[in-house]
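Here's the structure, in structure tokens; my notes come after.
The values are calculated or read from the model by the stated rules, or taken from the named source; none is laboratory data. As the structure is a prediction and not an experimental result, all values here were calculated from the model. A quick note on method: Cβ atoms are made from the backbone with ideal geometry, for glycine too, and the neighbour counts reach across all protein chains shown.
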């Protein structure tokens, strides 16, 4: 099963983004640009990893409930999604390599 990794950097909070703590509290990550090729493999039940990669590193995990298209696209035409996840918990920090949109999709087996 695929794992969706999203980033909630603290420096973006000053620009109006939600903090790591706010996303962990309500389970909604907003406006993440996810490549179309991954949408079909990101199904409810997949693991969602929320990272904070600054000096106060944190990692949260949960289970995907919904990817909701926002109707907003990046300048390169990538659809932005709100990421809804449940059963959230803090786990020991482990870094993940993210793309320039602050997202990664990790696959096991033949998922991707």
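For the stretch 1-11, the set of residues classified as outside any strand (DSSP E or B) and surrounded by fewer than 20 Cβ atoms within 10 Å (Cβ to Cβ) consists of 1, 2, 9, 10, 11, listed by residue number.
Pick from the stretch 5-17 the residues that are at pLDDT below 95 and in contact with a strand residue (DSSP E or B) (Cβ under 6 Å, 6 or more places away or on another chain): which of them is nearest to residue 78 (Cα to Cα)? The extreme case among them is 7.
For the stretch 51-79, the set of residues classified as within 19 Å of residue 104 (Cβ to Cβ) and not in a strand (DSSP E or B) consists of 53, 54, 57, 74, 76, 78, listed by residue number. Looking only at the stretch 12-35, residues that are surrounded by 15 or more Cβ atoms within 10 Å (Cβ to Cβ) and in a strand (DSSP E or B) come to 5 in all.
In the stretch 36-50, the residue that is surrounded by the most Cβ atoms within 10 Å (Cβ to Cβ) out of those that are assigned to a helix (DSSP H, G or I) and touching a residue at least 24 places away in the same chain (Cβ under 8 Å) is 38.
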